[in-house]
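The values are calculated or read from the model by the stated rules, or taken from the named source; none is laboratory data. No experiment lies behind these values; they were computed from the predicted model shown. Virtual Cβ from ideal backbone geometry, glycine too; neighbours counted across all protein chains shown. Remember, those area values only see protein heavy atoms, side chains included, never the ligands or the DNA or RNA. Shrake-Rupley method; radii C 1.70, N 1.55, O 1.52, S 1.80 Å.
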Amino acid sequence: MDKSWLNIKNKYDKRYIKGIDNFLNWAYSQPNVSTVIRCPCKGCRNTEYMLKIQIRRHLLSNGFWDSYKVWDLHGEVLVRVENSDVINNDEVEDDNAEEDDITGMIHDAYGYANTADANNLPHHNEEPNLQAQKFYQLLEDAETELYPGCKSVSKLSFVVRLLHLKCINHWTNKSMDDLLSFFKEVLPVESFVPNSFYEAKKVLRDLGLGYTKIDACQNDCILYWREHANAQSCPKCGESRWKSKENGGKKVAHKVLRHFPIKPRLQRLYMARETAKKMRWHKEERVDDGILRHPSDAMAWKSFDEKHPSFSAELRNVRLGLASDGFQPYGNMSSNHTIRPVVLVPYNLPSWDCMKSEYFMMTLLIPGPKCPGNDIDVFYNR
């Protein structure tokens with residue numbers, strides 16, 4: 001089959017849509033095919049069996065799995081064996097060769113369909129606003145070569161991929177500093193490699209990946225926030241806000257809450273066309289046949305809709321599930337210290353997406369040394 005349509009990045013291109021339809025028609029024309037086959041989209045990766053209309057929807061929204069070069073799970077093995085002398089070399093490329101859409105990530109983060117929208121101004125001779133300036137800076141970083149002559153990696157993509165590797169491989173901050181120092185030694189002097197892990201994080205700060213620190217009472221009575229922002233001691237238990245300091249050193253709070261703002265992340269779900277459609281799935285595409293497949297099928301969801309009809313009338317309103325549990329960050333080495341993350345899950349998403357880790361949103365990181373118990377409401381009300 002013609003696979004040239006797989007290289008088309010715009011999933012709304014007529015050639016891409018026609019390629020999907022041809023693939024599905026061909027896959028369903030194979031012998032012994034039932035009503036459901038494996039879905040080869042980037043999300044399912046041939047692990048889920050679905051109807052033809054569902055697979056088509058997935059391929060249009062998620063895209064075709066790049067590593068699936070030879071369609072052996074959809075019948076191509078037979079074609080390949082019978083015509084082994086005419087296999088296209090493009091079909092046996094490295095399975096891990098996937099291109100990074102860094103520019104698309106920036107557009108999704110800022111909600112601009114194209115670069116021209118960033119100005120957000122009626123006259124193009126005026127200076128861009130602050131948000132547009134950040135947007136343009138990220139685009140510039142995405143187009144700047146890591147070093148002169150480097151065509152495969154840009155300044156921004158290098159930092160994004162390096163920090164991703166740090167997360168999945170659990171590298172320490174010091175190991176990142178050492179690795180970046182090594183890159184600075186072996187790459188040309190003109191390279192844009194950050195000097196430290198701290199500088200690498202600064203490159204990504206305009207993507208909205210930061211957090212705020214809020215001091216908390218060591219007994220979990222209050223947060224030093226809003227009306228208590230300038231308090232030096234807890235008005236309930238009287239304990240000092242600060243640890244004892246020697247020689248006039250910097251003040252250090254007994255307990256510091258990390259708050260990851262949820263609002264911009266929810267907005268970002270509606271900025272991207274693909275996820276915006278998924279966030280409306282519970283109202284527009286869910287099949288209500290009495291079978292419990294999704295939280296929206298449950299009695300609790302329907303009871304809430306009856307009590308709050310104005311909220312349920314707007315299908316873009318977000319339903320969130322909250323989960324929290326404590327863990328010891330250093331294992332058995334520190335039995336007197338715990339950290340409690342608070343994670344939100346957007347239930348608007350389809351059942352095959354809402355429980356995927358990429359959509360989990362950590363909004364609070366509550367420090368120890370002990371579980372706050374019922375006083376955890378102090379942090380939740382944040």
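When nucleic acids and ligands are ignored and a 1.4 Å probe is applied, Thr35 ends up with an accessible area of around 100 Å². Within the assembled protein chains, the solvent-accessible surface assigned to Phe192 is about 100 Å², based on a 1.4 Å probe. For the pair the range 209-242 / the range 289-321, the C-alpha centres are spaced 36 Å from each other.
Charge dipole (Cα centre; +1 on Lys/Arg Cβ, -1 on Asp/Glu Cβ; no other charges) of the range 243-298 amounts to roughly 680 debye. Sorting Thr172, Thr338, Thr212 by solvent-accessible area of protein heavy atoms yields Thr172, Thr212, Thr338, largest first, with a 1.4 Å probe. Cross-link partners for Lys255 among the lysines, with Cα-Cα distance under 19 Å and sequence neighbours closer than 8 places in the same chain left out: Lys213, Lys236, Lys243, Lys245, Lys370. Accessible area ranking (1.4 Å probe, heavy atoms, ligands and nucleic acids excluded), largest first, for Tyr12, Tyr198: Tyr198, Tyr12. Provide the net charge surrounding Trp5, with neighbours chosen by a C-beta distance below 9 Å and charges set as Lys +1, Arg +1, Asp -1, Glu -1. Local charge sum for Trp5: +1.
Only protein heavy atoms count here; on that basis, with a 1.4 Å probe, Ile214 has an accessible area of about 10 Å². Summarising the label geometry, the points placed 7 Å from Cα in the beta-carbon direction at Ser4 and Val343 lie 4.5 nm from one another.
Counted residue by residue at 0.36 nm each, then reduced by the alpha carbon distance between them, the extension gain from Ile262 to Val153 reaches 36.2 nm. The Trp301 and Lys52 beta-carbon pair, evaluated with R₀ = 45 Å, returns a calculated FRET efficiency of approximately 0.95.
Extension gain, Ser351 to Cys237, is 36.5 nm, computed as 0.36 nm per intervening residue step minus the present C-alpha separation.
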